[in-house]
Amino acid sequence: MNKQNIIDNVSTLLQEVPTSMEIVKDDHKREKRFQYLATYMVEKAIEKDALITSPDEKGIAILFKTNSKDRNFWKDLIMDLKLALNVTGIKKGLAAMKVQKYVKAQRPKEGDYLYCWFWGILSDARGSDDAKIAYDMKNKFYAIARDLQLPIYAETRIRRVSLAYRRYGFELFNEWDHPSGDKMYFLKYTPPPKDDKQQ
């Protein structure tokens with residue numbers, strides 16, 4: 001695994017995501033800020049064993065196993081402050097935290113679940129390969145969900161992405177009018193029960 005390559009790819013992909021485009025402070029350090037955010041995400045994913053990559057590292061996903069009580073408050077608070085200083089700026093950081101409050105409220109209050117925090121495929125790997133990379137990664141997600149017997153939750157503000165999720169068997173369970181004026185789509189995948197014959 002080439003960690004720096006993955007961070008660079010995540011940084012590139014974040015610049016296509018409406019939410020990160022909004023929260024990252026728009027100044028002369030913008031490129032550095034995306035790098036900082038990508039580094040934070042990839043390091044958190046490695047620490048939690050949540051990083052999934054395609055063999056060429058052009059497809060990258062972060063799939064956490066978590067629950068509503070899984071929060072080391074002080075550690076997260078310090079990290080949020082660092083993100084505010086290095087990525088968002090205080091004003092954008094506070095606005096992002098308000099949105100996050102609503103987003104988090106859409107997830108289960110009880111029990112464990114899988115959360116797809118990030119999933120992207122670099123533009124030069126899209127087209128005919130994109131379908132294969134996305135399909136292979138989706139199969140990895142589903143194998144994890146089936147193995148753990150846990151649902152997967154995800155959200156997106158990109159309509160074509162929400163349609164792709166649905167094509168892959170996720171169900172749309174909520175649509176929200178995001179403060180930016182566009183829609184946010186909340187999706188869930190429920191794995192089939194484990195079948196003894198398939199083990």
Practice problem: Give, as a single signed number, the net charge of other residues whose beta carbon lies under 12 Å from the beta carbon of I6, with Lys and Arg counted +1 and Asp and Glu -1. | Solution: -2
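For a quick protection proxy, order the peptides 96-104, 51-59 by their average other-Cβ count within 10 Å, most packed first. Can you show the working numbers first?
On the way: 96-104: 13.7, 51-59: 17.9.
Going from most to least packed, we get 51-59, 96-104.
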Quiz prompt | region 10-40 versus region 161-181: alpha-carbon centroid distance in Å | solution = 23
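By the gyration tensor of its Cα atoms, with a ≥ b ≥ c the square roots of the eigenvalues, what is the shape of region 107-179: rounded for a/c under 1.5, prolate for a/b over b/c, or oblate?
Values: a/c = 2.25, a/b = 1.23, b/c = 1.84.
Taking the square roots of the gyration eigenvalues as a ≥ b ≥ c, region 107-179 is oblate.
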Self-check item: Charge context of N174, other residues only, Cβ under 14 angstrom, K/R +1, D/E -1
Solution: +2
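Percent of alpha carbon pairs in region 153-199 separated by more than 17 Å?
On the way: 436 of 1081 pairs.
Result: 40 percent of Cα pairs exceed 17 Å.
Which percent, to the nearest 5, of DSSP beta bridges fully inside the chain are antiparallel? All intermediate terms of the calculation are to be shown ahead of the outcome.
Numbers: 22 of 24 bridges.
Looking only at bridges with both residues in the chain, the antiparallel portion is about 90 percent.
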Practice problem: Sequence neighbours fewer than 8 away in the same chain don't count; with that in mind, list the aspartates and glutamates whose C-alpha is under 15 Å from K194. | Solution: D147
Quiz prompt | Accessible area expressed per residue, region 132-199, with surrounding protein chains retained (probe 1.4 Å, Å²) | solution = 58
Exercise. Could you tell me which of rounded, prolate or oblate describes region 1-57, using a ≥ b ≥ c as the square roots of the eigenvalues of the alpha-carbon gyration tensor, with rounded for a/c under 1.5 and, failing that, prolate when a/b is larger than b/c and oblate otherwise?
Key: prolate
Quiz prompt | Förster radius 25 Å - calculated FRET efficiency between K65 and K132, Cβ distance, rounded to 0.05 | solution = 0.45
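Do the sum for the chain: with -39,500 (n - 2.57) for every DSSP H run of n ≥ 4, divided by all residues, what is the mean residue ellipticity at 222 nm, to the nearest 500 deg cm²/dmol? Can you show the working numbers first?
Details: 7 runs with 93 residues, N = 199.
Only helices count here, giving -15000 deg cm²/dmol.
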Quiz item: Which whole-number percent is the relative contact order of region 144-199 (Cα, under 8 Å, 6+ apart)?
Solution: 44
Practice problem: For the chain, with all protein chains present and a 1.4 Å probe, just round the carbon and sulfur fraction of the accessible area to a whole percent. | Solution: 54
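The values are calculated or read from the model by the stated rules, or taken from the named source; none is laboratory data. Computed from a prediction, not measured in an experiment: that's the story for all the values here. Quick reminder, even Gly has a Cβ in these numbers, built from the backbone with ideal geometry, and neighbours come from all protein chains shown. These accessible areas exclude ligands, DNA and RNA; they are computed on the full protein's heavy atoms, side chains included. Shrake-Rupley method; radii C 1.70, N 1.55, O 1.52, S 1.80 Å.
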